[in-house]
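The values are calculated or read from the model by the stated rules, or taken from the named source; none is laboratory data. As the structure is a prediction and not an experimental result, all values here were calculated from the model. All Cβ positions, even for glycine, are placed from backbone atoms using ideal geometry, and neighbour counts span all protein chains on display. Heads up: the accessible areas ignore ligands, DNA and RNA and are worked out on the full protein's heavy atoms, side chains in. Shrake-Rupley method; radii C 1.70, N 1.55, O 1.52, S 1.80 Å.
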Amino acid sequence: QVQLVESGGGLVQAGDSLRLSCAASGRTLSSYAMGWFRQPPGKEREFLAGISRIGSRYYADSVKGRFTISRDNVKNTVYLQMNSLNPEDTAIYYCARGIGARPTARTEFDYWGQGAQVTVSS
């Protein structure tokens with residue numbers, strides 16, 4: 001069993017930066033791709049960024065250039081650095097463990113964290 005716990009969310013102003021963390025317990029993450037999703041109020045959960053087992057990174061067009069995903073296999077933690085935040089980034093952010101090499105669809109992830117709220121004020 002794997003438990004994923006997100007942290008680092010909060011209330012920020014437009015233009016600010018924030019770094020989310022996703023710490024895993026129960027199993028090592030180093031053998032899996034990992035991803036970040038978000039769910040804005042009243043909308044579907046959407047894929048943001050992924051990092052493969054060997055460290056290859058890939059992003060949704062909506063966040064490319066502003067968000068950076070990284071991982072620390074020693075700490076068993078995945079990060080999402082978010083820069084130039086705007087009110088449209090307000091959402092609950094989730095990390096998840098992937099199935100396969102470069103997963104992006106929700107069905108390609110098998111374990112999820114509980115989510116971290118990020119609110120960006122204008």
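For ARG57 and GLN39 in the same chain, what is the full-extension length gain: residue separation times 0.36 nm, less their Cα-Cα distance, in nm? Display every interim value, and only then the final one.
Details: separation 18, 0.36 × 18 = 6.48 nm, distance 2.08 nm.
That pair, ARG57 and GLN39, stretches by 4.4 nm at full extension.
Placing +1 at every Lys and Arg Cβ and -1 at every Asp and Glu Cβ, with all other atoms neutral, what dipole size does the chain have around its Cα centre, in debye to the nearest 20? Kindly include the intermediate steps, with their values, before the conclusion.
Values: 14 positive and 10 negative charges, 74 e Å.
With Lys and Arg at +1 and Asp and Glu at -1, about 360 debye.
Put +1 on the Cβ of every Lys and Arg and -1 on every Asp and Glu Cβ in the chain; which of ASN86, VAL12, TYR111 then has its Cα farthest towards the positive end of the dipole?
The Cα lying farthest towards the positive end belongs to TYR111.
Would you kindly calculate the translational diffusion coefficient of the chain, applying Stokes-Einstein with the Kirkwood radius from alpha carbon pairs, for 10 °C and a viscosity of 1.306 mPa s, and quote it in µm² s⁻¹ without decimals? Mind dumping the intermediate values first?
Numbers: Rh = 14.1 Å.
The diffusion coefficient I find is 113 µm²/s.
Of the accessible area of the stretch 20-122, with the probe set at 1.4 angstrom, what percent is carbon plus sulfur?
Working: 2340 of 4900 Å².
Carbon-and-sulfur percentage of accessible area, whole number: 48.
Using amide H atoms built in the peptide plane, which far-off residues or other-chain residues are under 5 Å from TYR111 H to H?
ARG97
Just by accessible area at a 1.4 angstrom probe, what is the order of GLU6, GLU88, GLU46 from largest to smallest? Kindly include the intermediate steps, with their values, before the conclusion.
Details: GLU6 10, GLU88 130, GLU46 60 Å².
Descending order: GLU88, GLU46, GLU6.
Return the whole-Å distance between the Cα centroid of the stretch 84-103 and the Cα centroid of the stretch 28-51.
Here the answer is 4 Å between Cα centres.
With a 1.4 Å probe and every protein chain left in place, work out the accessible area per residue of the chain in Å², rounded to a whole number.
Working: 6100 Å² over 122 residues.
Heavy-atom SASA per residue in the chain reads 50 Å².
Can you work out ³J(HN,Hα) from phi for every residue in the stretch 2-17, in order, using Karplus 6.51 cos²θ - 1.76 cosθ + 1.60 and θ = phi - 60°, giving whole Hz and x for Gly and Pro?
Along the stretch 2-17, the couplings run 10, 10, 10, 10, 8, 8, x, x, x, 9, 9, 9, 4, x, 6, 10 Hz.
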